[in-house]
1. Ratio of alpha-carbon Rg to the 2.2 N^0.38 Å globular estimate for the chain, to two decimals, please.
2. Please compute the Kirkwood hydrodynamic radius of the stretch 1-60 from all pairs of different C-alpha atoms, in Å with one decimal.
3. Taking the Cα centre of the chain as the origin and placing charges on Cβ (Lys, Arg +1; Asp, Glu -1), which of Val196, Ala103, Gln129 is farthest toward the positive end of the dipole?
4. Would you work out the charge dipole size for the stretch 19-86 about its Cα centre, treating the Cβ of every Lys and Arg as +1 and the Cβ of every Asp and Glu as -1, and quote it to the nearest 20 debye?
5. Would you give the gap between the C-alpha center of the stretch 85-159 and the C-alpha center of the stretch 1-64, rounded to a whole Å?
6. How far, in degrees from 0 to 90, does helix 139-168 lean away from the longest principal axis of the Cα atoms of the chain, to the nearest 10?
7. At R0 = 45 Å, how high is the FRET efficiency between Gln80 and Ala174 if r is their beta carbon distance? Nearest 0.05 is fine.
Amino acid sequence: MNAFKPPLPLRFQTPAAWAAAALADPAALLSDHAHCEKKAALNALNLSLSLADLPRASVLLARLAEEELNHYRRVLELMQAQGWPLQPDTGNAYAQGLHKLAAKGLLDRLLIGALIEARSCERLWLLEQEGANHPDLGATSWLAFLLELERCEAGHALAFRSLAEERFGAEAQARLDWWLDREAEVIQALPWRSVVH
Ligand SMILES: [Fe+2]
Ligand SMILES: [Fe+2]
């Protein structure tokens, strides 16, 4: 397995065995991921309301929301091709765990966005490694899609961090250091299920 370098220096490395557990129910995994992509699009639009005075932010967040909406549609299409329905949204325990710790308003919203994107990248990469062996997933197109998502989410992680740094300066860097420890605690405490995180 090649080394993977996440876009942020995550402090917990997901074991490779996680991917096989997540792929135990690919229909549930994709359904959960569809909900995540939709929420990512909405989150980017909501953040643009709070950053309307930063000239770069509106364009960057509009592009980001567009990309997430594109991912959402394509995950839905992939599910439709497999005959897998969108299941009810059971909530994202990982994102909820992070948001429960937030205390610094917009700064934390941006940094949580960066962390979720970085963790998604790591997990998508692990799914790519495992997915090559998975019979249900129509290997080639599935793997190419995961790779595209992984690269795109890496860009989003860096975009959120750069917006946090542009708005909050050195405070953003100190707060990210604090968050990297919290994120490692939150992700490790979650059970493995057929979800990305
Ligand atoms: Fe996405
Ligand atoms: Fe993203």
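1. My calculation over the Cα atoms of the chain gives 0.99.
2. Kirkwood radius, the stretch 1-60: 14.8 Å.
3. Positive-most Cα among the choices belongs to Ala103.
4. 120
5. 4
6. With both axes taken from Cα atoms, the answer is about 10 degrees.
7. The calculated FRET efficiency here is 0.50.
None of the figures in this text is laboratory data; all of them are computed from the coordinates on show. Since the structure is predicted, the reported quantities are computational estimates derived from the model, not experimental observations. When we count neighbours, we look across all protein chains shown, and the Cβ atoms used for this are built from the backbone with ideal geometry, even at glycine.
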